[in-house]
1. Listed residues Val29, Val5; which is assigned to a strand (DSSP E or B), open to solvent by less than 70 Å² (accessible area, probe 1.4 Å) and either more than 22 Å from Val86 (Cα to Cα) or touching a Ser or Thr at 6+ places or on another chain (Cβ under 9 Å) (or both)?
2. Are any residues in segment 40-56 touching a residue at least 60 places away in the same chain (Cβ under 8 Å) and part of a loop (DSSP other than H, G, I, E, B), and if so, which ones?
3. Can you name the helices (runs of 4 or more DSSP H) wholly within segment 206-303 that have at least 1 residues being within 15 Å of the chain's Cα centre (by Cα), closer than 23 Å to Pro85 by Cα and modelled with pLDDT of 95 or more?
4. Got a number for residues in segment 86-115 being under 14 Å from His127 (Cα atoms), open to solvent by less than 60 Å² (accessible area, probe 1.4 Å) and outside any strand (DSSP E or B)?
5. Given the options Thr276, Thr230, Thr258, name the one that is hydroxyl-bearing (Ser, Thr, Tyr) and open to solvent by less than 20 Å² (accessible area, probe 1.4 Å).
6. Say whether the condition of being out of contact with any strand residue (DSSP E or B) (no Cβ under 7 Å at 6 or more places or on another chain) and closer than 22 Å to Ala171 by Cα is met by at least one residue in segment 10-18.
7. Going by the conditions given, is Phe176 out of contact with any Gly (no Cβ under 6 Å at 6 or more places or on another chain), assigned by the TED database to the domain that holds Pro23, open to solvent by less than 10 Å² (accessible area, probe 1.4 Å) and touching a residue at least 40 places away in the same chain (Cβ under 8 Å)?
Amino acid sequence: MKIIVIGAGAWGTALAVSAARNPAGHHVVLWARDGAQAEAMDDTRENARYLPGIPLPRELNVRGGDVGTLMQAVPQADLIIVATPVAGLRPTLALLREVRVPIGWLCKGFEPAQNPQAPNPFGLMPHEIQAQVAPALQAGALSGPSFAQEVARGQPTALVAASRQPHVRQALVDGFHGPTLRVYGNEDLTGVEVGGAVKNVLAIATGLADGLNLGLNARAALITRGLAETARLGGALGAQAETFMGLSGLGDLVLTATGDLSRNRRVGLLLAEGQTLDEAVQSLGHVAEGVYSARTVLQRARHLGVEMPITECVVALLDGQLKPVEAVAALMGRDPKGNCCERMGAAYSLVDAL
């Protein structure tokens, strides 16, 4: 396959590296918006800014510069991957709106509300953005529990190719499924995107708890209750319950909430140390989507009448309305609801139990 990856951040670079090493012999182009960055990467065969220490295989072509250069390469592609943050998805999809080959995006989160006075004053998920700006696209998401460094090193990883269109799912599987990167199709695009977005917010909460040394019991409680919050929001948006027990639900949440490579978890740890939000974000050097999508997740939940107490505390913390200790106290001091029972097996059971 001829694959173009638009966006040379850590995750876009890692997937481009993985695809270029695939035994299928794909022809892969990694396109960077910054022409100087692309030239430096091509010269040194390393993305020193976003993925240092990972050599770029010789099979990977690095390009960059103006949009015209990109659009000249697009007609030759069999698959296009958009590796921008959520904030960059809308303009990129608008640019690609006439493309007729499968497109997949990597971003996880909700777009900030465009117009607070609009009839629906809340941010959108990636597939909702696509429906607005480029409804004719054949598109979907590539998501799941994954750190860029591990994928680039060829460590075992499993992802989800989500789309309502079977041929798009198949294209994403064909493009990236290999000996160390396994890709599984899922038609529940809404559920996959909700799981990928909310887990970033919940990772801030678990990082906060870990930073305050509350222990593994507290971490497990936050993860479990966080999964229930995710499932409630997903159900209200029309997602399938079983999605949240899979890779893009439970799997992605556990990885992001506990892994030392998680930027969102790192935000919580730094806030627990006493850093301001600005200091925490600046120290990362990368985007932590949970910081930007937390408020939008809460807006969407309130619009739907969905209760998300962990998300509410995270937003209050990020807005400076609660101090770290106060946020954790608010979470752990909630009144019990109903008769808790141990019923595992589907996401709706978790919602009922918690």
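1. Details: Val29 fails: either more than 22 Å from Val86 (Cα to Cα) or touching a Ser or Thr at 6+ places or on another chain (Cβ under 9 Å) (or both).
After applying the criteria, what remains is Val5.
2. Restricting attention to segment 40-56, the residues satisfying the condition of being touching a residue at least 60 places away in the same chain (Cβ under 8 Å) are 50-51, 54.
Tyr50, the sole residue that qualifies.
3. Values: elements: 216-236, 252-258, 263-272, 277-284.
Counting at least 1 such residues, we get 216-236, 252-258, 263-272.
4. Qualifying residue count for the region: 14.
5. On the way: Thr276 fails: open to solvent by less than 20 Å² (accessible area, probe 1.4 Å); Thr258 fails: open to solvent by less than 20 Å² (accessible area, probe 1.4 Å).
Just one listed residue meets the conditions, Thr230.
6. Initially, segment 10-18 is screened for residues out of contact with any strand residue (DSSP E or B) (no Cβ under 7 Å at 6 or more places or on another chain), giving 11.
Still in the list and also closer than 22 Å to Ala171 by Cα: 11.
Yes, segment 10-18 contains at least one residue that is out of contact with any strand residue (DSSP E or B) (no Cβ under 7 Å at 6 or more places or on another chain) and closer than 22 Å to Ala171 by Cα.
7. Working: out of contact with any Gly (no Cβ under 6 Å at 6 or more places or on another chain): yes; assigned by the TED database to the domain that holds Pro23: yes; open to solvent by less than 10 Å² (accessible area, probe 1.4 Å): yes; touching a residue at least 40 places away in the same chain (Cβ under 8 Å): yes.
In short, yes.
The values are calculated or read from the model by the stated rules, or taken from the named source; none is laboratory data. As the structure is a prediction and not an experimental result, all values here were calculated from the model. Here Cβ is always computed from backbone atoms with ideal geometry, including for glycine, and neighbour counts include all displayed protein chains. When the accessible area is computed, the model is the full protein with side chains, heavy atoms only, and any ligands, DNA or RNA have been set aside. Shrake-Rupley method; radii C 1.70, N 1.55, O 1.52, S 1.80 Å.
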